[in-house]
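Laboratory data are not the source of any read-out in this text; all were calculated from the coordinates shown. Everything numeric in this text was worked out from a predicted model, so none of it was measured. Neighbour counts run over all protein chains shown; Cβ positions are idealised from the backbone, glycine included.
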Amino acid sequence: MSQEKKSSWLSSKEAQKHFKIRGCDLMHYRTQGKLEFEKRGKAYFYSKKCLEKLHHSN
């Protein structure tokens, strides 16, 4: 995987730590369609750009 692709997506744990957000909040935003995500195996990865937009709007 390219470095650019890695840096534009965060794992659930990375997103929680970086944006100080709870796992259940990530799930709610994901199910409400507020976050762009990818499922890789059993893990979810979130678009850093979408997280930043969501974080600044709250």
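Looking only at the stretch 38-47, count how many residues are surrounded by fewer than 17 Cβ atoms within 10 Å (Cβ to Cβ) and either under 8 Å from the mean Cα position of the chain (by Cα) or not small (Gly, Ala, Ser) (or both). Here the count works out to 4.
A search for C-beta distances below 8 Å between a residue of the stretch 27-43 that is closer than 11 Å to LEU54 by Cβ and any residue that is polar (S, T, N, Q) and surrounded by 13 or more Cβ atoms within 10 Å (Cβ to Cβ), counting only pairs 6+ apart in sequence or on different chains, returns LEU35/SER47; GLU36/SER47.
Do we find that LYS53 is in a strand (DSSP E or B) and out of contact with any Phe, Trp or Tyr (no Cβ under 6 Å at 6 or more places or on another chain) in this structure? It is false that LYS53 is in a strand (DSSP E or B) and out of contact with any Phe, Trp or Tyr (no Cβ under 6 Å at 6 or more places or on another chain). Scan the stretch 13-30 for residues that are among the charged types (D, E, K, R), assigned to a helix (DSSP H, G or I) and surrounded by fewer than 13 Cβ atoms within 10 Å (Cβ to Cβ) and the total you get is 2.
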